[in-house]
Amino acid sequence: MSARSRKGVEFAVIGGGLVGAAVAYGLIRKGRQVALLDEGDSAFRASRGNFGLVWAQGKGDKLEAYAPWARQGAALWADFASELTAATEVEVELEQNGGFVFCLTEDALRSRADTMERLCKRSGLDYDVMTPSQIARYMPGVSDNFAGATFSREDGHANPLKLLRALHAAISATEGALRRGMPIERIEPVSGGYRLISAATEIACENVILAAGLGNGKLAESLGITLPIKPMRGQILVTERYEKIMTVPSENVRQTQDGTFLLGGSWEDVGYDVSTTFEVTRDIAALAVRYFPFLENVRLVRSWSALRILAPDNAPIYHELAPGAFLVTCHSGVSLAAIHADRVAGWLAAGTLPAEAAPFSLDRFTPATSPEYALG
Amino acid sequence: MSGPDLLIIGGGAAGLSAAATASGLGLSVELLDERPALGGNFYAGIGERANDDRALGPDEVRGRALLAGTAGATRSSSTFAWRIERDGRTFVASEAGGVRSIKPRRLLIATGAMERPIPIPAAVLPGVMYAGAAQLLLKTAASVPAGRCVLVGSGPLLLLLATQLLASGVRPAGIVETTPRTSLRAYLSHLPAALSAPGLLARGIGVLGKLRTSGVPFHRGATQALIAGSDRVERIEFTDASGRRQSIDADLVLLHDGILPNDHVTRLLGCRERWNEAQHCFQPVTDPWGETSLPGVFAAGDCTGIGGARAAELCGTLAALEIARQLGRIDEAERDRRASRPRRALKRQQSFRPFLDMQFPPSIALAGDAASDTVVCRCEDVTAGQIRLAVAQGATGPDQLKSFTRCGMGPCQGRSCSMAVAEIIAEETGSPIEAIGRHDIRSPLKPLPLGQIAAAEAEVVS
């Protein structure tokens with residue numbers, strides 16, 4: 001393939017995080033020539049701050065097409081993980097034994113169950129409502145100091161850091177496919193493709209995929225398009241290791257394979273600020289101790305913040321910004337990694353987004369374009 | 001509740017002298033130290049031991065005077081800062097279990113120095129410990145090693161410890177000094193400056209003299225030192241200056257290869273830092289009064305670059321003077337008048353340092369070509385070989401490496417591995433170490449039980 005004469009690389013993927021790496025990995029597996037352009041060590045890196053859930057339940061609350069998409073994304077994960085591990089010997093620690101969303105009050109639990117019921121009609125994703133004593137079978141040590149949880153059998157978790165490493169390892173097995181220290185600043189259309197410009201260098205490509213997370217905003221501007229994405233901070237706490245007792249994760253507390261507990265769940269609209277705060281640290285700790293009293297004596301070792309890349313409806317965006325220039329962005333880089341490597345990479349390899357992608361286009365954020373409204 | 005004028009983190013030479021100066025000028029001062037007693041490393045144990053000055057000499061007397069000068073400050077030992085915000089708000093926890101926050105008007109970081117970690121496979125072998133830890137035991141608990149003890153490595157502390165052991169009645173089985181030989185030219189070029197601090201030079205010569213006359217086997221210019229043993233230390237092997245392979249049986253090996261700034265707090269706060277080539281370490285950038293790139297946050301003493309206890313004490317005084325000026329206690333003229341003597345004394349101390357730096361460059365702690373099976377990150381059990389593999393797979397910076405290998409993610413927060421990681425990445429990628437840097441530091445500064453954090457609500461005053 002690479003011998004074919006062309007103006008630069010066939011596919012340049014901007015952004016070496018989970019989204020860009022999954023798409024690049026998928027394109028390489030489909031035989032395409034790829035350059036994954038990674039910014040470098042100082043990037044915001046939502047991928048490093050990911051909580052690690054492989055999750056379908058509740059997704060699509062504000063865009064129902066996302067519900068079946070997320071479910072398919074989870075279903076593709078097992079094969080994706082085993083292929084990746086076979087190729088790289090990096091174990092991504094996938095467990096898909098189900099997952100919980102805890103609700104403190106009866107009202108919250110009822111409302112949560114209503115949402116799950118509505119989404120189930122669209123996606124077919126089954127769920128149960130469980131009391132604390134039922135949850136204890138999967139998560140020993142849980143208290144009875146809350147109403148209960150919704151449970152989905154198809155959810156699970158993986159190690160996002162190992163996933164990113166495995167993707168990078170798989171991609172770098174192809175000479176020249178992973179290019180580091182490439183903070184692309186703007187994109188210029190040229191005949192037959194695009195020129196990607198950074199302070200130090202320029203890269204010519206036929207197709208470009210914007211997968212730079214929050215950095216997509218600036219890149220899309222250079223093509224004259226404003227993106228409706230914004231950062232949403234999440235803080236995560238990590239404890240010291242503990243005997244492995246949990247087989248299933250919850251949205252707030254999960255135990256990794258090496259025994260540490262990850263505690264999270266904060267949503268803060270604070271712009272591009274990746275600091276952690278005492279108040280949120282304390283609140284996350286307090287909630288975790290309320291759900292699991294034994295955590296009281298487990299020590300916090302580390303905390304960090306990362307910025308989710310959020311569209312107004314929390315769903316992914318897949319859009320052809322200009323001929324051969326595609327946007328792929330979402331805040332569920334782990335949950336959707338398998339489907340990005342499989343289906344989305346397939347669309348891109350074909351050079352066109354199919355009808356299946358239409359609900360995820362940018363057009364959904366542009367109201368007042370329906371004829372009757374415009375005329376009225 | 002209003003906070004103190006000044007919060008000092010670290011009760012060593014710099015912290016004590018700053019506390020004394022600041023409280024003497026009428027500032028309200030809180031001084032915290034994580035150890036059970038104040039004094040830091042150099043003056044460890046000054047407040048605790050009876051009048052046994054035998055092993056430690058006149059330093060202890062000076063330390064006690066420093067400590068006595070801080071009576072005007074609120075002092076807490078066994079208390080550590082687990083979280084510090086960029087605005088100076090500091091969350092502290094005590095061993096007794098409480099968590100509280102302090103919002104000082106100025107913050108002074110005086111966290112001293114730490115052993116330069118030595119990434120060699122045998123460093124994790126039972127029977128190997130760092131010389132600094134042995135010296136602390138000697139100072140705080142009058143505890144001396146039993147069995148055959150060999151001191152290995154480089155640096156003034158290694159030789160000083162040997163004389164302190166001798167004074168305590170312990171005769172080391174040998175000293176294997178791995179310090180590379182200094183060229184005569186380098187030696188002569190630094191000598192004039194060193195001669196401006198004759199007291200320090202004389203003290204060094206005195207230490208060497210004591211060691212020579214003690215009859216303890218003292219091998220200088222040793223190379224290819226190797227600690228041998230299967231379940232625990234058995235012996236140390238090395239090539240002596242004349243090229244002969246030698247072996248000394250040992251029950252305990254005391255390792256040392258110099259000290260590093262303990263700059264964890266300034267790193268957490270994101271203070272600007274620079275690479276110090278002569279001392280082969282990173283250090284925070286400060287102005288002549290110790291103010292970091294973060295206004296209102298000061299740093300003094302060895303945590304800003306290794307200068308020794310006396311220099312630390314002087315830097316603490318200077319920082320306190322500028323803090324008092326910023327808070328309106330003294331004017332600029334008064335600050336400068338009070339600063340002139342300590343500044344002159346500091347200059348003398350600093351003139352000696354390049355001579356020491358040149359004499360004792362790190363010799364066995366450099367990780368760039370560490371053996372693959374060397375455990376670099378002890379918390380997460382990550383080896384030099386695993387780090388090299390991760391670099392090859394795309395981790396070209398310490399933060400990416402951390403996420404790939406967990407190296408630096410454990411309870412020590414990378415205190416023991418960050419230099420070695422930077423050296424290995426620099427070696428593998430061919431980039432200068434100052435361009436590599438070290439990974440970001442995250443809260444908490446020290447591990448803390450979740451229950452203690454969760455319960456902090458009621459006690460926090462905002």
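Remarks
- The set of residues from the range A:247-284 being of a type in the set (S, T, Y), in a loop (DSSP other than H, G, I, E, B) and within 13 Å of chain B (Cβ to nearest Cβ) comprises A:T256, A:T260, A:S275, A:T276, A:T277.
- Taken over the range A:285-298, the criterion of being within 7 Å of chain B (Cβ to nearest Cβ) and either over 24 Å from B:E95 (Cα atoms) or buried (at least 19 other Cβ atoms within 10 Å of the Cβ) (or both) is satisfied by A:A285, A:A288, A:V289, A:L295, A:V298.
- Every residue from the range B:383-408 that is in a loop (DSSP other than H, G, I, E, B), within 7 Å of chain A (Cβ to nearest Cβ) and at pLDDT 85 or above: B:G397
- When the residues of the range B:155-180 are filtered to those that are in contact (Cβ under 8 Å) with a residue 60 or more places away in the chain and more than 17 Å from B:G209 (Cα to Cα), the one that is surrounded by the most Cβ atoms within 10 Å (Cβ to Cβ) is B:T178.
- Strands (runs of 3 or more DSSP E) enclosed by the range B:112-199 - at least 1 residues per element that are in contact with a Phe, Trp or Tyr (Cβ under 8 Å, 6 or more places away or on another chain) and closer than 30 Å to B:I9 by Cβ: B:113-115, B:149-154
- Verdict on A:R153 being closer than 28 Å to A:S82 by Cα, at pLDDT 95 or above and of a type in the set (K, R): yes
- Condition check for B:P104: part of a loop (DSSP other than H, G, I, E, B), in contact with a helix residue (DSSP H, G or I) (Cβ under 7 Å, 6 or more places away or on another chain), away from every other protein chain (no Cβ under 14 Å) and touching a residue at least 40 places away in the same chain (Cβ under 8 Å): no
- In this structure, A:A166 does not satisfy being more than 14 Å from chain B (Cβ to nearest Cβ) and under 20 Å from the mean Cα position of the chain (by Cα).
- Criterion: assigned to a strand (DSSP E or B) and either small (G, A, S) or closer than 30 Å to A:R254 by Cβ (or both) - qualifying residue of A:A169, A:A204: A:A204
- The strands (runs of 3 or more DSSP E) found wholly in the range A:290-341 and carrying at least 2 residues that are within 29 Å of A:P189 (Cβ to Cβ) and at pLDDT 95 or above occupy A:317-322, A:325-329.
- Scanning the range B:388-421 for residues that are among the hydrophobic types (A, V, I, L, M, F, W, C) and without any contact (Cβ under 8 Å) to a residue 40 or more places away in the chain yields B:L389, B:A390, B:V391, B:A392, B:A395, B:L401, B:F404, B:C407, B:M409, B:C412.
- Note on the range B:298-331: among residues that are buried (at least 24 other Cβ atoms within 10 Å of the Cβ) and in contact with an Asp or Glu (Cβ under 7 Å, 6 or more places away or on another chain), the one that is nearest to B:K347 (Cα to Cα) is B:A312.
- Remark: B:Q413 matches the filter, which requires a residue to be surrounded by 23 or more Cβ atoms within 10 Å (Cβ to Cβ), within 14 Å of chain A (Cβ to nearest Cβ) and closer than 30 Å to B:T178 by Cβ.
- Taken together, B:S443, B:S363, B:S372 contain a single residue that is at the interface with chain A (Cβ under 9 Å from one of its Cβ atoms), in a loop (DSSP other than H, G, I, E, B) and in contact with a strand residue (DSSP E or B) (Cβ under 9 Å, 6 or more places away or on another chain), which is B:S443.
- Matching residues in the range A:231-249 - criterion: being out of contact with any helix residue (DSSP H, G or I) (no Cβ under 8 Å at 6 or more places or on another chain) and either surrounded by fewer than 21 Cβ atoms within 10 Å (Cβ to Cβ) or closer than 19 Å to A:F100 by Cα (or both): A:M232, A:V238, A:E240, A:R241, A:Y242, A:E243, A:K244, A:I245, A:M246, A:T247, A:V248, A:P249
- Residues that are buried (at least 18 other Cβ atoms within 10 Å of the Cβ) and over 24 Å from the mean Cα position of the chain (by Cα), drawn from the range B:332-363: B:R335, B:R338, B:A339
The values are calculated or read from the model by the stated rules, or taken from the named source; none is laboratory data. Please read all numbers here as calculations on a predicted model, not as lab measurements. Ideal geometry is used to build each Cβ from the backbone, glycine not excepted, and the neighbour counts take in all protein chains shown.
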